[in-house]
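Data first, discussion second: the structure below is written as structure tokens.
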Amino acid sequence: MPGQLLARGVARHLASLGLVTVEELVPARGLRVDVMALGPKGEIWVVECKSSRADFMSDSKWQRYLEWCDRFFWAVDAEFPVDLLPEECGLIIADAYDAEIIRMAPEDRLAAARRKVMVQSFATHAARRLHGMRDPGAGLGW
């Protein structure tokens, strides 16, 4: 639940910057990003929300997310020991209501074919979430 609250604040902030977001998108088998954002020019950001030191220390696969986005960020609350976080990643301080980008992530642009796959995955994920909210009894099995 604390990570979901951070994700909500991150999503609100990114929306204010003109990006749209989805939560818990699976870019590849064995991976599930906390927040994926799609920008107005097709840029793709991944934000991993960490609610505690233990949560961060137990995340052994975060580097595998880098190949699925143009920019990668950590989102943590104001009490998190940010010196634990790799400096080569972006940093967002968030709470349940908003967030602030403290350090912009460096850009490493996706290849066009990978970007197309991710934009399609983003759209499919968003559409399924919307359909599930609109018609929860549809039994679509997602």
Note to self: Being β-branched (Val, Ile, Thr) and either without any contact (Cβ under 8 Å) to a residue 24 or more places away in the chain or not in a helix (DSSP H, G or I) (or both): is that true of Val10 here?
What the structure shows: no
Checklist line | Exclusive hit being under 22 Å from Ile102 (Cβ atoms), of a type outside the set (Asp, Glu), in contact (Cβ under 8 Å) with a residue 24 or more places away in the chain and surrounded by 13 or more Cβ atoms within 10 Å (Cβ to Cβ), set Trp68, Trp45, Trp62 | finding: Trp45
Next item on the list: Kindly provide the set of residues from region 96-142 that are touching a helix residue (DSSP H, G or I) at 6+ places or on another chain (Cβ under 6 Å), touching a residue at least 40 places away in the same chain (Cβ under 8 Å) and either charged (D, E, K, R) or loosely packed, with under 11 Cβ neighbours inside 10 Å (or both), ordered by number.
Entry: Tyr97, Asp98
Note to self: Please go through region 29-82 and give me each residue that is more than 10 Å from the chain's Cα centre (by Cα) and of a type in the set (Asp, Glu), ordered by number.
What the structure shows: Glu43, Asp55, Asp59, Glu67, Asp70, Asp77, Glu79
Next item on the list: Scan Ala37, Ala15, Ala11, Ala28 and give me the residue that is crowded, with 19+ Cβ neighbours inside 10 Å and over 16 Å from Asp108 (Cβ atoms).
Entry: Ala11
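Bear in mind these aren't lab numbers, they're just calculated from the coordinates by the rules spelled out. Just so it is clear, the structure is predicted and the values come from calculations on it, not from any experiment. We place every Cβ from the backbone using ideal geometry, glycine too, and count neighbours over all the protein chains shown.
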